[in-house]
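Notes follow the structure.
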Amino acid sequence: MGTYAITGAASGIGAATKARLEADGHRVIGVDLHNTDVNADLSTPEGRAEAIAKVTELAGESLDGFVPFAGLAAATGRPGSLMVSVNYFGAIEVLEGLYPLLAKGTNPSVVLISSNSTTCQPNWPVELAELCLAGDEAAAREAADKDPMGSYPAAKAALAYYVRTKAVADEWIGAGIRLNAIAPGLIETPMVAAGKVDPLTAEGMKMFPLPIGRGGRPEEIAELTAFLLGPTSSFFVGSVLFCDGGTDALFHAKDW
Ligand code: NAD
């Protein structure tokens, strides 16, 4: 059985994934603001350092996988800078801090959580995604505050770019660590429930096409995450898997 760390473990998809992995007998170290094993604020470098230190202490020698689910959606009054700090830097800084443990894991696997907003929401700022990828948090925060709506897909695109560019490098696959990403569509979680009543996002959500005829269930993403963490996904390296009830296919049938 494996030992995994996941952030955003107290709610939504993260909580469903924790439950899914624990049901299989794995040990899961949860990180979130409250109500889990490691309580830390991933929007700040200090909170990330605290999370890395506590996960390292709890994990012991090694870690077999990591999934950063912690995230915030666009919402009335929420600055783009906060979203970028949690969604991108809160994921990547903790991932890189846990690298020494992952390098000692058994078939270690990392799953980053992107979003189909990257291909379904138009006109997000590509330069913001590049600033994230370059690791320039101060400049990314400044750019994000100029476009809070666009900063969500931009930060999620940066996570996909990270997977696509780093997964094949010696540092990652050369060390036996597989990096992949999931791009979920609309999943019925507390994040989406809040978005449905927020004046900034409610209209857009109503217009969001779902060919399957319903929103996703957190357990459906948990299942895919468990697969990507486990040994039967051994040939997946650098993949970004859309799991969205058909939305991305509807918009991009022939973008190849
Ligand atoms: P959720 O709101 O249910 O869970 C998000 C969790 O992140 C919460 O427990 C919250 O406390 C935690 N979090 C937020 N800020 C934090 C911080 N500063 N430090 C530590 N933890 C923090 O949302 P969800 O829908 O389960 O989303 C999980 C992930 O999936 C997010 O990254 C989200 O962007 C992504 N995603 C969700 C959807 C969707 O439709 N629900 C679609 C695409 C991608």
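The values are calculated or read from the model by the stated rules, or taken from the named source; none is laboratory data. Bear in mind that the values here come from a model prediction, so they are computed numbers and not experimental data. Positions of Cβ are generated from backbone atoms using ideal geometry, with glycine treated the same way; all protein chains shown enter the neighbour counts. Accessible surface is based on the protein model in full, side chains and every heavy atom, while ligands, DNA and RNA are left aside. Shrake-Rupley method; radii C 1.70, N 1.55, O 1.52, S 1.80 Å.
Couple of notes before you dig in:
Condition check ((1) hydroxyl-bearing (Ser, Thr, Tyr); (2) over 24 Å from Glu50 (Cβ atoms)) across all residues:
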site	(1), (2)
Asn107	no, yes
Ala129	no, yes
Gly135	no, no
Arg141	no, no
Ala144	no, no
Ser151	yes, yes
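- Residue match in the range 117-126 (condition: more than 18 Å from the chain's Cα centre (by Cα), part of a helix (DSSP H, G or I) and either at pLDDT 95 or above or aromatic (Phe, Trp, Tyr) (or both)): yes
- Selection from the range 1-35 of residues that are within 17 Å of Thr56 (Cα to Cα) and among the β-branched types (Val, Ile, Thr): Thr3, Ile6, Thr7, Val28, Ile29, Val31
- Ile212 surrounded by fewer than 14 Cβ atoms within 10 Å (Cβ to Cβ) and either among the charged types (D, E, K, R) or modelled with pLDDT of 95 or more (or both): yes
- Pick from the range 198-231, criterion small (Gly, Ala, Ser) and within 13 Å of the ligand (Cβ to nearest atom), ranking: farthest from Val110 (Cα to Cα): Gly204
- Residue in the range 64-71 that is over 23 Å from Arg141 (Cβ atoms), assigned to a loop (DSSP other than H, G, I, E, B) and either open to solvent by less than 60 Å² (accessible area, probe 1.4 Å) or near the ligand (Cβ under 8 Å from one of its atoms) (or both) present: yes
- For the condition of a type in the set (Ser, Thr, Tyr), more than 14 Å from the ligand (Cβ to nearest atom) and touching a residue at least 60 places away in the same chain (Cβ under 8 Å), Ser81 does not qualify.
- Any hit, the range 28-49, residues being within 27 Å of Pro153 (Cβ to Cβ), away from the ligand (no atom under 11 Å from the Cβ) and surrounded by fewer than 23 Cβ atoms within 10 Å (Cβ to Cβ): yes
- Check on Val55, open to solvent by less than 70 Å² (accessible area, probe 1.4 Å), near the ligand (Cβ under 8 Å from one of its atoms) and either closer than 20 Å to Ala222 by Cβ or at pLDDT 95 or above (or both): no
- Residues that are of a type outside the set (Ser, Thr, Tyr) and open to solvent by 10 Å² or more (accessible area, probe 1.4 Å) within the range 157-177 comprise Ala160, Arg164, Lys166, Val168, Ala169, Asp170, Glu171, Ile173, Gly174, Ala175, Gly176, listed in sequence order.
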